[in-house]
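Student: I have a structure here, written as C-alpha cells, and I will follow up with some questions on it.
No lab work stands behind these numbers, since they all come straight from the coordinates. Here the structure is a predicted model, which is why all the values come from computation and not from measurement. Positions of Cβ are backbone-derived with ideal geometry, glycine not excepted, and every protein chain shown enters the neighbour counts.
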Amino acid sequence: MQPITIFGREGCGYCQRAKQLAEDKQLAFKYIDIHKEGISKNDLEKTIGKPVETVPQIFIGREHIGGYTELNAYLSQSH
C-alpha cells in the first residue's frame, strides 16, 4: 500500500482516531499538524480541489480519500 498522509490538528478526535487506525494496522503513515506547519484549510482546498471544512484530510499516495470515516471504510474493503 502507498504511504498514508494524515493532515490534522491538535485536539481533533477524528485525527487521533485516524492515526490510531493506521498504527493498529501497522501501516506507514505521516501525520502533519496543519497548525504547526502553517497549513490553512485554503491550502488543503487547493490540493484537494474542493472546499475543506474539517480535518483530518487523508491521502493514500497522492489520492485524496477523505476523512477518518472514509479511511476506515477504505481499509475495511482493502484489508
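Student: Test of understanding: given the chain, find the longest segment containing no trypsin sites (Lys or Arg not before Pro) that are in a DSSP loop and have at most 10 other Cβ atoms within 10 Å.
Tutor: So the longest stretch without any such site is 1-35.
Student: Plugging the Kirkwood radius over Cα pairs into Stokes-Einstein for the chain, at a temperature of 25 °C and a viscosity of 0.890 mPa s, what D comes out in µm²/s?
Tutor: The estimated diffusion coefficient comes to 196 µm²/s.
Student: Enumerate the aspartates and glutamates that LYS50 could reach by cross-link, defined here as Cα to Cα under 17 Å, with residues fewer than 8 away along the same chain left out.
Tutor: List returned: GLU63, GLU70.
Student: Let me ask you something else. Just rank PHE59, PHE7, fewest to most, by other beta-carbon atoms within 10 angstrom.
Tutor: With the sparsest Cβ surroundings first, the list reads PHE59, PHE7.
Student: Sticking with this structure for a sec: Got a sec? How would ASP24, ASP43 order by Cβ neighbour count within 10 Å, fewest to most?
Tutor: ASP24, ASP43
Student: Right, another one. Output the antiparallel fraction of DSSP beta bridges having both residues in the range 4-78, as a percent to the nearest 5.
Tutor: Bridges in the range 4-78 that DSSP calls antiparallel: roughly 60 percent.
Student: Quick one: dipole size for the range 4-78, taken about the Cα centre, charges +1 on Lys/Arg Cβ and -1 on Asp/Glu Cβ, in debye to the nearest 20.
Tutor: 60 debye
Student: Something else about it: Using Cβ counts within 10 Å as a stand-in for footprinting exposure, how do HIS64, HIS35 rank, fewest first?
Tutor: HIS35, HIS64
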